Amino acid sequence: MQGERRLPAPRGNRRYRVFLAIFAGVVVTAATAVLALTVVVDPFGMIGLVEIEGFNASKPHLFSNARLVKAHYIRRVKPKGLILGSSRADVGLDADHAGWPLAARPVFNAAIPSARIQEIYYYVRYAHAQSGLKRIVIGLDFFAFDERIKAEPGFEVARLDPDGFGPWRIATIRDQFTAFLSYGAVSASISTLRSQDQYAVRYLPNGGQDPRRREWNISQKGGHHAAFLAALRETVTSRDGVAMLAYGPSDETRNVELGWFLELLRFCKHEGIDAYVLISPVHALWLESIWELGAWPDYERWKRDLVRIVDRVTREAAGASVIELWDFSGFNTITSESVPPRDAPDARMQWYWDASHYKAVTGDLMLTRVFGGGRPDSALPASAFGIRLTPENIDAHLHAIRSDRIQYVASHSGDILLVQTVLDDVPERVPRRQ
Amino acid sequence: MLFNSIEFLFFFLPVTLVGFFALGAWAGHRFAIAWLVVASLFFYAWWNPVYLVLIGFSMLMNYGFGFFLSRSLHQRTDKRRALLIVSVALNLGLLGYFKYANFFVHNVNLALGSAFHLEHIVLPLGISFFTFTQIAYLVDAYRGEAREYNFLHYALFVTFFPHLIAGPILHHKEMMPQFGNRQIFSPRAANLAIGATIFFIGLFKKVVLADAFALHATPVFARAETGAALGFFEAWEGAWSYTFQLYFDFSGYSDMAVGLARMFGVRFPVNFNSPYRATNIIDFWRRWHITLSRFLRDYLYFALGGNRKGKVRRYVNLMLTMILGGAWHGAGWTFVAWGFLHGAYLVANHAWRSVVPWRGDHWTGRLLARSVTLLCVLVGWVFFRAETFHGALTMLRGMMNLPTALGGRFGRLQPLLESVGFQFSGGYVASQHYLLSVWLVFWLAIVWYWPNTQEWMRRYRPILEVASIRRDWPAWMAWAPTWGWAIITAGIAILGLLGLSAVTEFLYFQF
């Protein structure tokens, strides 16, 4: 062979056997070392074998991997009640609320950051296949219906496929690899070990966020005022159109997002799952930014579309379950809560963390109202908070919100300045309302 | 199933290997071969079992044609010729329907303003590869160079999973005689050790190197598609990143295929031989996707008349071959443009050779030739990667958009430069841009001066054509079954395994 000394080919089979043994030994040893680190640190909280305060209890990589993590929690918890939605529902809606009926317990909060309606659909189907759901509550957001963004990174249909034979199991195994035997797992483990001094990033056993993190966040940002500014700025400048989005035609055969919503409700009805759809009570200033961006007509159209679809599913014969649509958005005593001034970083708001996220006390009001069948409850501080939408009352309701807005703008001129400040900062963000 | 997936590595491969050797030892070779065929079909059906119907039909049809072509070897040639033409046409028809029907209808509609509607046809996996493999087989059968009357063997030839999805494009006579060797039916530590080493080198290239380059290439090409004006450094970083991404992707894939086959005791022909070391485009095509170049040369270029009909026809044939070769990679005008560009490069290369005797044998000449060749290839990759012409041109404009600080530095040359498309608004030079050049030099040194997998494994006949392996590397740059190499190989393997779970698709899969 061209002048090179050719080693005696496979004759020395023993050498190769030794080679293979060493090779396998080193690979197994290295993999075991990696596993020892990732299993103990458990950066995604997948097994919870070791949980020591100051060592690995806070998990900074949890929320950015919520789509992976919560799917595996669901498999473990086997919930009969489910909370869905975005980070708003994640921090605001309580899985341990007293109103959840016994039959729907345990309840798990399966809300994921920036959830899209398609994602919600798949998580419901998946959870139902695990344990048979009885009741779900969806904190519904306008941005979940953006035409341009069907799902966020980390979402995988294969992971949530309830009836796939091979792929389902493979997807689970692959997730275990991702969580324990991957570069991502190693670097997440190391950074988890390093960032224990920060704040409590963790999910409660029921899937909700540990509220201490929000508290910490508000102090870090310099109070509610700064948190509101930051949230509004993100709203206005974000590329994924949190406030102003590409909302397609009002026809679920052409608007794919509405199609997912329809499918979701049909699925619930068919499977006998009670579904409570709650339009999120974003703060009045958030609504004001939607108004200022000229997205209000779409926002209203969206609500009308939801009403139409809920009504359609309710009338359809197949299946029997409660399907209710509630609107908690608007300008009422809760959502209009005043924002503390800039120079009062220690002042705490009662109902809101920031313009986008309501507190769990607000969520409790919502659940009490919805689960109580809408009975006026004298114990509630705001009996007008939340209205069940029907084809009959939607026009009047939207009209009422518009007039409430006029009152709000007149009476909260100080707060409104926040929105103006943000809009003035970003002149390139185009279509201002005429 | 992807080679770099967990299901392949931890389930499919071990089960297939164990089954093959167990059946080979206790049930007989026929059963072992049948097992390999079933396993390969399972591998293929993993994406979508419906595809089995297609590949089954294609195999039966071609087995039948091959049967008759081989049986009639001594009969009248015109009938056999007609049979060959019909069979090749049927294969091309099948490929054309699945791969180009949507593209064709779309363009007809564009040209005529019509509104013909065709449901979106999903491209069956690997159809480009198994179609070409079988066309080559039919021609070989026609020429009497291949013969297969046993359907099981024929099925193994077509479906053997290491080459099924993305090549190399094999000849029957290259692989099938190897299954006639009784030794490959019993496990040999040597084959497993050598095969696993080659496989894990490939896996490392794919999941560690190619995927890392993709992180730099993808956003730039995505931005180009939006039409945003790109700066000089951004555009070049994107183009170089993709150049390296594709290199390590395809090189890694080819290594994995070679390594897998070797675990079964089978050697594959060389498919990838340090193509960026090429000192001209002709050389490049002898190093990049070698089995495809061979196919296009033998069955298309020669069929068109090759270089036997004068210079002009030769150049026309070259252009045609490369344009069709481009379109084979994907149904889109950017692939056609890529093929056209390479056709033009080849014509220029041949014309240059016939005029200029200079061979540039000095190392500086080689370096220059290598650099120019690689730049031409890189410009080609911009078309290959871009989703639209518009995106490709935006990239090229960005690459010609020189740093702003250079404006006014070229004196009287500047108007000339501007007239050919250069601009001087490509952004300011920052310190990270100097680091980019270090990065570039490092990776160029790797692809130019670091031994490739065949060269590392040169003592153990990793591929069929040993002649293409350079052997003048230092002795320590040669793998051997020693303690040291076992540890190094294990290190490479673990680095690849840790990258498994963030699976990305192989680029060559859709072609």
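The values are calculated or read from the model by the stated rules, or taken from the named source; none is laboratory data. These numbers were taken from a predicted model, which means no experiment stands behind them. Quick reminder, even Gly has a Cβ in these numbers, built from the backbone with ideal geometry, and neighbours come from all protein chains shown. Surface areas here come from the heavy atoms of the whole protein model, side chains and all, with no ligands, DNA or RNA. Shrake-Rupley method; radii C 1.70, N 1.55, O 1.52, S 1.80 Å.
Mind checking which helices (runs of 4 or more DSSP H) fall wholly inside segment B:162-261 and carry at least 2 residues that are open to solvent by 20 Å² or more (accessible area, probe 1.4 Å) and within 14 Å of chain A (Cβ to nearest Cβ)? Can you show your working first?
Working: elements: B:172-179, B:189-204, B:211-225.
Passing ranges, in order: B:189-204, B:211-225.
What number goes with the only condition from (1) at pLDDT 90 or above; (2) closer than 27 Å to B:Asn280 by Cβ that B:Val356 does not pass?
So the condition that B:Val356 fails would be (1).
Anything in segment A:74-88 that is crowded, with 23+ Cβ neighbours inside 10 Å and under 10 Å from A:Gly207 (Cβ atoms)? List them, or say none.
A:Pro79, A:Leu82, A:Ile83
Report the residue count in segment A:73-107 for those that are at pLDDT 90 or above, in a helix (DSSP H, G or I) and farther than 23 Å from A:Ser280 by Cβ.
2
Within the set of pairs 6+ apart or on separate chains, which have a first residue in segment A:209-221 that is open to solvent by less than 70 Å² (accessible area, probe 1.4 Å), a second that is of a type in the set (D, E, K, R), and C-beta atoms under 6 Å apart?
A:Gln209/A:Asp90; A:Asp210/A:Arg202
Checking A:Gln196 against (1) over 18 Å from A:Ser87 (Cα atoms); (2) open to solvent by 40 Å² or more (accessible area, probe 1.4 Å): exactly one of these is not met. Which one?
(2)
Could you tell me how many of the residues in segment B:283-327 are open to solvent by less than 20 Å² (accessible area, probe 1.4 Å), over 16 Å from the mean Cα position of the chain (by Cα) and of a type in the set (A, V, I, L, M, F, W, C)?
1
May I ask you to verify whether A:Asp311 is among the acidic types (Asp, Glu) and crowded, with 18+ Cβ neighbours inside 10 Å? Explain how you work it out, then say what you get.
Working: among the acidic types (Asp, Glu): yes; crowded, with 18+ Cβ neighbours inside 10 Å: no.
No: the conditions fail for A:Asp311.
Across segment B:470-496, what is the number of residues that are closer than 18 Å to B:Met256 by Cα and more than 7 Å from chain A (Cβ to nearest Cβ)?
Final tally of qualifying residues: 6.
Considering only segment A:104-127, state which residues are of a type in the set (Ser, Thr, Tyr) and either closer than 23 Å to A:Asp210 by Cβ or open to solvent by 30 Å² or more (accessible area, probe 1.4 Å) (or both).
A:Ser114, A:Tyr122, A:Tyr123
Please identify the pairs in which a residue from segment B:149-173 that is over 22 Å from B:Leu73 (Cβ atoms) and in contact (Cβ under 8 Å) with a residue 12 or more places away in the chain has its Cβ atom under 7 Å from the Cβ atom of a residue that is in a loop (DSSP other than H, G, I, E, B) and open to solvent by 20 Å² or more (accessible area, probe 1.4 Å), counting only partners at least 6 apart or on another chain.
Pairs that qualify, where the first residue is over 22 Å from B:Leu73 (Cβ atoms) and in contact (Cβ under 8 Å) with a residue 12 or more places away in the chain and the partner is in a loop (DSSP other than H, G, I, E, B) and open to solvent by 20 Å² or more (accessible area, probe 1.4 Å), are B:Ile165/B:Leu125.
What residue, among those in segment B:452-469 that are within 10 Å of another protein chain (Cβ to nearest Cβ), open to solvent by 20 Å² or more (accessible area, probe 1.4 Å) and assigned to a helix (DSSP H, G or I), is farthest from B:Pro269 (Cα to Cα)?
B:Arg459
From B:Trp439, B:Trp448, grab the single residue that is in contact with a Lys or Arg (Cβ under 7 Å, 6 or more places away or on another chain), in the same structural domain as B:Phe244 (by TED's automatic domain parsing) and at pLDDT 85 or above.
Step by step, each of B:Trp439, B:Trp448 is checked, and only B:Trp448 is in contact with a Lys or Arg (Cβ under 7 Å, 6 or more places away or on another chain), in the same structural domain as B:Phe244 (by TED's automatic domain parsing) and at pLDDT 85 or above.
Return the only residue of B:Tyr449, B:Tyr428, B:Tyr434 being of a type in the set (Ser, Thr, Tyr), open to solvent by 80 Å² or more (accessible area, probe 1.4 Å) and either over 30 Å from B:Gly252 (Cβ atoms) or in contact with a strand residue (DSSP E or B) (Cβ under 9 Å, 6 or more places away or on another chain) (or both). Before you say what the answer is, go through the steps one by one.
Working: B:Tyr449 fails: either over 30 Å from B:Gly252 (Cβ atoms) or in contact with a strand residue (DSSP E or B) (Cβ under 9 Å, 6 or more places away or on another chain) (or both); B:Tyr434 fails: either over 30 Å from B:Gly252 (Cβ atoms) or in contact with a strand residue (DSSP E or B) (Cβ under 9 Å, 6 or more places away or on another chain) (or both).
Matching residue, one of B:Tyr449, B:Tyr428, B:Tyr434: B:Tyr428.
Quick check on my filter: what residues within segment B:111-121 are open to solvent by 80 Å² or more (accessible area, probe 1.4 Å) and in a loop (DSSP other than H, G, I, E, B)? Walk me through how you get there before you give the answer.
Here is the first cut: in segment B:111-121, the ones open to solvent by 80 Å² or more (accessible area, probe 1.4 Å) are B:111-112, B:115-117, B:119-120.
Across segment B:111-121, the qualifying residues are B:Ala115, B:Phe116, B:His117, B:Glu119, B:His120.
Among the residues of segment B:139-151, is there at least one that is out of contact with any His (no Cβ under 7 Å at 6 or more places or on another chain), surrounded by 21 or more Cβ atoms within 10 Å (Cβ to Cβ) and farther than 26 Å from B:Trp46 by Cα?
yes
For B:Arg267, only one of the following conditions fails: (1) closer than 19 Å to B:Leu464 by Cβ; (2) assigned by TED's automatic domain parsing to the domain that holds B:Thr218; (3) crowded, with 23+ Cβ neighbours inside 10 Å. What is its number?
Only one criterion is unmet by B:Arg267, namely (3).
Tell me, which helices (runs of 4 or more DSSP H) lie completely within segment A:132-211 with 2 or more residues that are modelled with pLDDT under 85, within 14 Å of another protein chain (Cβ to nearest Cβ) and in contact with a helix residue (DSSP H, G or I) (Cβ under 8 Å, 6 or more places away or on another chain)?
A:157-160, A:166-180
Can you tell me which of (1) more than 23 Å from B:Ala217 (Cβ to Cβ); (2) free of Cβ contacts under 8 Å to residues at least 40 places away in the same chain is the one B:Leu346 doesn't meet?
(2)
Filtering segment B:24-69 down to residues that are surrounded by fewer than 17 Cβ atoms within 10 Å (Cβ to Cβ) and small (Gly, Ala, Ser), which residue is nearest to B:Leu138 (Cα to Cα)?
Looking at residues that are surrounded by fewer than 17 Cβ atoms within 10 Å (Cβ to Cβ) and small (Gly, Ala, Ser), I get B:Gly64.
May I ask you to list the residues in segment B:384-404 that are under 21 Å from the mean Cα position of the chain (by Cα) and farther than 12 Å from B:Glu225 by Cα?
Within segment B:384-404, B:Phe384 is the sole residue that qualifies.
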